Amino acid sequence: MSRLYVVVDDVKDWSPYYPSQDVISFDDYLSLPATGERVRVVNLCRSYRYLGTGYYCSLLAEARGHHVIPAIKTLSDLGRKSLSSIQWEGVQPALAAMKKAAEGEQRTLRCWFGEALADEQAALAKSVFAHFPCPILEISLVYRGRWRLDKLQAVSPRSLKTADEQEAFANSFERFSRKLWRKPPARKSFRYDLAILVDPEEDMAPSDGVALRKFIRAAEKLGICAELITKRDYPRLAEYDGLFIRETTAVNRQSYRFAKRAEAEGLVVIDDSQSILRCTNKIYLADLLRSKRLAVPATEFLRRARSGELQRLVDTLGLPMVLKIPDGAFSKGVVKVDTLEELRSESERLLDKSALLLAQEFMYTDYDWRIGVLDGKALYACRYYMVRKHWQIYRHGKRSQSGGFDAVPLDEVPKAVLDAALKACKLIGNSFYGVDLKQKGDRVVVIEVNDNPSVDAGVEDKLLGDELYRAVMAVFLQRMEKRGRQT
């Protein structure tokens, strides 16, 4: 069971609001004995300046392994980060939506837990809170052709002077503590909290609903409280001990931002931001695999066609050949060209999307191997078959199609396939990967290493059943326990 503390310099600072046993003074927080329970801290001390009581409250909370808002990183960013660097990171659209004003006009507003008093300020408050999760923020604006952030400061509840502000803060805090820092209902006590990031709107998500429920049940059996979150829960990340990404990853997607933020908060993250960076760009991955002398299809990089460049590719790779944009997923952005003319037209089309393309020899097989690798060890193996009368596992159109599959016991997978998969993963990291390989006779080549691999009920778990989900959650447990020992 987790415990919530609201820390203030003096309990009298809480006098405008309903009394609560969760409200304690900074001195009382200093003298708290160490316990094994999970602790959430809302730091409402008077001063968050460097070496002030608010600073030390957050510092000690993190040293004790408590989840605290605001985190030390947030206070540091508020003190050091140039506001000009965040003008365009989601804040600018909110500023642009505000009514125009006279040149040089200044305005100061306060927001609490991502909410504000005026409806016009709501979007700005939410966006600023997403960047700087802090109980109360004072935002100073200046109009220079458009509204701009001039100053951003964390302040205490003592700065709220009017009854309207105090009432709005109290209502917002009640919602925040109930929804975000809530105590679990009367049920089994959990040792850790795990967020599973999903995108409900995604058509081809890495896990279906049944698989997600199996992950949650497996976590519960290991003492982990797992729950699904979405992009709206970005400000909540500090609440958790771990983040499991189950939506499609890319450096320009929210999944990467979530991974970076979670790592900054000290969470255990699968898949981590480095794995996302290394796996989701096929140019980087192909160059890495080639430089480390792993067997891959014959590969060339293609820029804007120089004279004779396309013919050189044909002479080197032959026809047909495969063109790939660097950040495609689920066979999207991958085309097969059979003639020089097709190569010319498709390369022109794809080069409008990316400055570099990957060109590879075409190597047809009835199926691709997929080896699931977790924490440096092979976890499962599948054969994914090509769509009937098609050369890929997926065929996209008005209605996407996928081929069949076989789940294969690891001891029946050719040793060359397993060895190549494990070697490839060792170059990436020690997270959760799906390695795609082709085997033709004695030749085995690595096609790509996928972070955040697909796990759907009845497919990847066909042989392992619930053990697959337990294995993933066991790695989270092991890493969260290790992190706890280090704090």
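Numbers below:
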{"read-out": "Selection within the stretch 33-48 - of a type outside the set (Val, Ile, Thr) and touching a residue at least 12 places away in the same chain (Cβ under 8 Å)", "value": "34, 37, 38, 40, 43, 44, 45, 46, 47, 48"}
{"read-out": "Answer residue from the stretch 25-58, given it is among the acidic types (Asp, Glu) and touching a strand residue (DSSP E or B) at 6+ places or on another chain (Cβ under 9 Å) and is modelled with the lowest pLDDT among those", "value": "37"}
{"read-out": "Candidates 336, 353 - the one that is touching a residue at least 12 places away in the same chain (Cβ under 8 Å), more than 30 Å from residue 472 (Cβ to Cβ) and surrounded by fewer than 16 Cβ atoms within 10 Å (Cβ to Cβ)", "value": "353"}
{"read-out": "Residue in the stretch 313-330 that is modelled with the lowest pLDDT, counting only those that are out of contact with any Asp or Glu (no Cβ under 8 Å at 6 or more places or on another chain) and not in a strand (DSSP E or B)", "value": "330"}
{"read-out": "Top-ranked residue of the stretch 25-46 - restricted to ones that are within 32 Å of the chain's Cα centre (by Cα) and not aliphatic (A, V, I, L, M), ranked as surrounded by the most Cβ atoms within 10 Å (Cβ to Cβ)", "value": "43"}
{"read-out": "Cβ pairs under 8 Å, 6+ apart, first in the stretch 1-20 and without any contact (Cβ under 8 Å) to a residue 24 or more places away in the chain, second of a type in the set (Gly, Ala, Ser)", "value": "10/25; 11/25"}
{"read-out": "Close pairs from the stretch 126-147: first touching a residue at least 40 places away in the same chain (Cβ under 8 Å), partner of a type in the set (S, T, N, Q) and assigned to a strand (DSSP E or B), Cβ under 8 Å, at least 6 apart", "value": "135/43; 141/106; 141/108; 143/106"}
{"read-out": "Scan of the stretch 228-261 for residues that are within 24 Å of residue 281 (Cβ to Cβ), of a type in the set (A, V, I, L, M) and free of Cβ contacts under 8 Å to residues at least 40 places away in the same chain, ordered by number", "value": "259"}
{"read-out": "In the stretch 59-91, residue modelled with the lowest pLDDT [restricted to those that are among the polar types (S, T, N, Q) and within 24 Å of the chain's Cα centre (by Cα)]", "value": "87"}
{"read-out": "For residue 303: the one exception among (1) farther than 21 Å from residue 451 by Cβ; (2) over 28 Å from the mean Cα position of the chain (by Cα); (3) not assigned by TED's automatic domain parsing to the domain that holds residue 338", "value": "(3)"}
{"read-out": "The stretch 236-288, residues that are out of contact with any Ser or Thr (no Cβ under 7 Å at 6 or more places or on another chain), hydroxyl-bearing (Ser, Thr, Tyr) and either part of a helix (DSSP H, G or I) or outside the structural domain of residue 216 (by TED's automatic domain parsing) (or both)", "value": "273, 284"}
{"read-out": "Residues located in the stretch 129-150, provided they are within 22 Å of residue 102 (Cβ to Cβ) and part of a loop (DSSP other than H, G, I, E, B)", "value": "144, 145, 146"}
{"read-out": "Residue match in the stretch 423-430 (condition: closer than 27 Å to residue 218 by Cβ, of a type outside the set (Gly, Ala, Ser), touching a Cys at 6+ places or on another chain (Cβ under 7 Å) and surrounded by fewer than 16 Cβ atoms within 10 Å (Cβ to Cβ))", "value": "no"}
{"read-out": "Some residue of the stretch 401-423 being within 28 Å of residue 254 (Cα to Cα) and either of a type in the set (Val, Ile, Thr) or modelled with pLDDT under 95 (or both)", "value": "yes"}
{"read-out": "Candidate set from the stretch 246-268 (those that are β-branched (Val, Ile, Thr) and touching a strand residue (DSSP E or B) at 6+ places or on another chain (Cβ under 8 Å)); member that is surrounded by the fewest Cβ atoms within 10 Å (Cβ to Cβ)", "value": "268"}
{"read-out": "In the stretch 216-268, the residues that are at pLDDT below 90 and polar (S, T, N, Q)", "value": "252, 254"}
{"read-out": "Matching residues, the stretch 29-68, being among the charged types (D, E, K, R) and not in a loop (DSSP other than H, G, I, E, B)", "value": "40, 62"}
{"read-out": "Members of the stretch 331-372 found to be among the β-branched types (Val, Ile, Thr), under 26 Å from the mean Cα position of the chain (by Cα) and either modelled with pLDDT of 90 or more or on the phi > 0 side of the Ramachandran plot (or both), listed by number", "value": "371"}
{"read-out": "Strands (runs of 3 or more DSSP E) fully within the stretch 342-394 counting 2 or more residues that are over 20 Å from residue 318 (Cβ atoms)", "value": "367-374, 377-385"}
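The values are calculated or read from the model by the stated rules, or taken from the named source; none is laboratory data. Owing to the predicted nature of the structure, the values given are computational and were not obtained by experimental measurement. Note: ideal-geometry Cβ built from the backbone for every residue, glycine included; neighbour counts use all protein chains shown.
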